[in-house]
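For reference, the structure is listed below as structure tokens.
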Amino acid sequence: MSTTSTKTLENLSVESRRFPPPEDFAAQAVATAELYEEAAADRLAFWAKQARERLSWETDFTETLDWSDPPFAKWFVGGRLNAAYNCVDRHVEAGNGDRVAIHWEGEPGDTRTLTYADLQREVSKAANAFAALGVGQGDRVAVYLPMIPEAAITMLACARLGAAHSVVFGGFSADALRSRIEDAEATLVVTADGGYRRGAPSALKPAVDAALEAGGASVKDVVVVRRTEQDVEWTEGRDHWWHDVVDSASEEHTAEAFDSENPLYILYTSGTTGKPKGILHTTGGYLTQVAYTHATVFDLRPETDVYWCAADVGWVTGHSYVVYGPLANGATQVMYEGTPDTPHKGRWWEICAKYGVTILYAAPTAIRTFMKWGEEIPGEHDLSSIRLLGSVGEPINPEAWVWYRRVIGGDTAPIVDTWWQTETGGMMISPLPGVTTLKPGSAQVPLPGISAAVVDDEGNPVGPGGGGYLVLTEPWPSMLRTIWGDDQRFKDTYWSRFPGRYFAGDGAKLDEDGDVWLLGRVDDVMNVSGHRLSTTEIESALVSHPAVAEAAVVGATDDMTGQAPVAFVILRGNADAVLGDTDPQEALRAHVAKEIGAIAKPKRVLVVQELPKTRSGKIMRRLLRDVAENRELGDVTTLTDAGVMGLIQDGLKGAK
Ligand code: 6R9
């Protein structure tokens with residue numbers, strides 16, 4: 001286990017604060033302790049009940065789980081449903097068309113309100129427009145949009161047609177977009193001229209143009225939302241304005257039911273190799289679990305709550321807890337386009353007060369940033385409507401947890417620390433508010449219906465007090481079905497380390513009560529501000545620069561972002577000629593931003609003469625992490641040349 005994890009472990013094992021559920025909260029809680037008993041008594045019957053009670057099926061399913069060909073699961077076999085109908089139309093049919101679905105807040109301060117009836121019209125129009133461009137069941141649609149209502153509308157319109165969307169985060173580069181479009185063989189791209197970030201329009205369409213110039217031959221059409229009114233290049237015949245093709249389309253569209261296992265979406269996530277993995281989610285099981293977890297973990301009352309999940313739709317949290325979970329449950333939510341400090345550092349709290357937000361779901365990295373800015377800033381706003389807080393994306397430090405509860409949660413709001421992954425589709429390990437006595441820093445227990453364990457190197461479950469790897473021991477409805485186009489990689493990555501069990505890639509510890517404490521990744525994936533980045537992917541980007549001979553990247557502990565990429569590079573002999581007067585650090589940081597996106601930019605680039613390698617030629621990233629974190633070096637005995645580390649350290653001292 002990495003030193004980062006060991007450090008976290010020491011901190012966490014001394015954490016003794018406990019927060020029992022407030023009595024009034026517990027008295028009315030949506031979730032009850034009986035849920036655990038019910039699920040333990042008959043797990044599959046429990047899930048079948050969730051599926052039937054929470055969703056509308058056009059055709060009921062005949063079998064809850066088909067696990068005859070593991071690890072390929074089929075949930076709710078024979079069932080037919082439409083995800084968009086479940087997220088939109090049925091709420092209108094039930095008489096809730098006037099309920100606000102989305103209170104949207106643009107970064108510059110413009111706003112839009114969409115009721116469920118509005119959403120039904122918009123999604124139907126978009127579905128008709130996409131169908132007219134030839135999109136249908138089985139197709140893939142790439143989505144490259146800012147946080148505007150059209151992002152949710154586009155996703156739902158695809159679901160309505162039985163086509164899978166593949167949302168690519170707007171911060172990713174043209175090249176990252178191209179490789180994702182090519183892997184999924186998307187036929188349509190939905191984008192915008194740009195979006196607002198940090199007080200200025202930030203262009204998106206040029207990246208689509210560049211991606212399609214370099215490849216993406218499967219793409220026939222591009223639909224462009226006008227948001228910022230930036231100038232855009234136009235390819236006649238291929239490009240269409242949203243306001244031309246969607247606004248003129250009919251508001252009537254009948255949602256056809258699809259098989260429970262019809263692909264709903266592909267979402268790419270970083271793996272341990274350079275090539276991102278296309279995580280495939282399907283319809284019935286996914287929607288069941290996100291609706292169930294969104295209702296019970298957030299104690300949702302759709303008639304009165306105002307829910308806000310601050311994630312971007314480009315990440316899985318945005319898929320499951322901005323789009324599918326809340327909308328399946330008929331919730332009212334806030335959606336915000338921009339950054340937390342635009343135009344001022346109180347923007348989030350101003351939004352909470354304006355809409356009377358009752359449930360807030362955010363990442364620890366944001367919470368740590370707010371802590372740094374000071375509690376006076378949220379203190380200037382009325383946050384008394386907030387009654388529940390959620391955390392996701394990385395382990396939350398106990399101090400950040402306690403601050404979040406006290407400053408944002410008025411010293412009463414329970415915090416749900418929810419552990420899950422792109423691959424799991426929905427929450428897996430989390431307290432249930434009103435039931436669980438909370439421990440700051442621990443995600444605590446698997447949700448009712450979920451089976452998890454912490455195992456040692458040999459795969460034996462550890463007892464209370466033990467540590468090892470987190471595994472999931474039974475299939476769950478919203479599990480990934482495969483890696484798009486690569487069943488073998490799906491098996492190898494998740495099911496081969498501990499046969500028959502799903503290997504999550506996270507280190508974990510059980511405390512004396514059997515509660516789970518997550519300790520971070522055990523592979524070469526780092527977690528920067530709650531976003532997963534692969535060291536290999538950044539290394540590949542660095543070596544694609546003509547001045548770089550070799551590169552090694554590590555995730556170094558960072559107070560603000562959890563981890564930050566730090567790169568060690570060996571320059572080529574001709575580097576001076578290639579770089580000219582440009583500082584190598586600046587040139588290479590900019591290069592990574594261009595290749596992958598700004599979030600992957602190394603915080604530091606250290607030029608070295610050698611990299612530490614094992615005899616089998618593997619770079620010893622552990623030692624580089626020691627250097628990046630200014631720590632004494634760990635064991636160097638497996639290095640081919642133990643002197644290398646001394647050279648690196650001397651070289652760096654010389655550089656300062
Ligand atoms: C939802 C999401 C997944 C990885 C996961 C783990 C880390 C997420 C966490 C957490 C500790 C939590 N992670 N939630 N670690 N406590 N509550 O973030 O998905 O982007 O795929 O990342 O994030 O390391 O393996 P994804």
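The values are calculated or read from the model by the stated rules, or taken from the named source; none is laboratory data. Small disclaimer: the values here were computed from a predicted structure and weren't measured. So basically every Cβ, Gly included, is an ideal-geometry build from the backbone, and we count neighbours across all protein chains shown. When the accessible area is computed, the model is the full protein with side chains, heavy atoms only, and any ligands, DNA or RNA have been set aside. Shrake-Rupley method; radii C 1.70, N 1.55, O 1.52, S 1.80 Å.
Here are the numbers:
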item	result
Percent carbon-and-sulfur accessible area, the chain, ignoring ligands, DNA and RNA, probe 1.4 Å	48
Sites E233 and R406 - FRET efficiency at Förster radius 45 Å, r taken between beta-carbons, to 0.05	0.35
Label-point gap, in nm, between K372 and R604 - each point 7 angstrom along Cα→Cβ	1.6
L133-Q488 FRET efficiency (beta carbon distance; Förster radius 45 Å; 0.05 resolution)	0.85
Heavy-atom surface of segment 96-144, accessible at 1.4 Å and reported per residue (Å²)	33
Per-residue SASA entry for D457, accessible area with 1.4 Å probe, Å² rounded to 10	90
Whole-Hz couplings from phi, Karplus 6.51/-1.76/1.60, listed for segment 287-298; x for Gly and Pro	5, 4, 6, 5, 5, 4, 5, 5, 6, 7, 6, 9
Kirkwood Rh in Å, taken over all unlike Cα pairs in segment 444-532	13.9
Counted charge near S534, where neighbours are those whose Cβ lies closer than 13 Å (Asp, Glu -1; Lys, Arg +1)	0
Over 22 Å between alpha carbons, listed pairs K205/K594; K205/K277; K74/K491	K205/K277
Integer Hz, Karplus 6.51/-1.76/1.60 couplings in order for segment 97-114, x for Gly and Pro	x, 7, 5, 5, 8, 9, 9, 9, 10, x, 4, x, x, 6, 9, 9, 10, 10
Relative packing of peptides 317-323, 443-449 - highest average C-beta neighbours within 10 Å first	317-323, 443-449
Derived scalar couplings ³J(HN,Hα) [segment 331-344; Karplus, 6.51 cos²θ - 1.76 cosθ + 1.60; whole Hz; x for Gly, Pro]	7, 9, 9, 9, 10, 10, 6, x, 8, x, 10, 10, x, 8
For T561, net neighbour charge (Lys/Arg +1, Asp/Glu -1) across residues whose Cβ lies under 10 Å away	-1
Amide H within-cut-off set for K220, under 5 Å, with H built and near neighbours excluded	L188
Residue-normalised accessible area of segment 148-297, given per residue in Å² at a 1.4 Å probe	32
Estimated [θ] at 222 nm from DSSP helical runs (n ≥ 4, -39500 (n - 2.57)) normalised by residues in the chain, nearest 500	-8500 deg cm²/dmol
Sorted peptide list for 513-520, 224-231, 324-331, criterion being average Cβ within 10 angstrom, highest first	324-331, 513-520, 224-231
Amide proton proximity set for A443, modelled H, under 5 Å, gap of 5+	L518
Calculated SAXS-style log₁₀ I(q)/I(0) at q = 0.05, 0.06, 0.12 Å⁻¹ - the chain, Debye, Cα scatterers	-0.22, -0.32, -1.39
Segment 493-551: GluC sites (Glu not before Pro) in DSSP coil with no more than 12 other Cβ atoms inside 10 Å	E512
Solvent-accessible heavy-atom area per residue, rounded to whole Å², over segment 373-447 at 1.4 Å	27
Percent of alpha-carbon pairs separated by more than 23 Å within segment 448-592	52
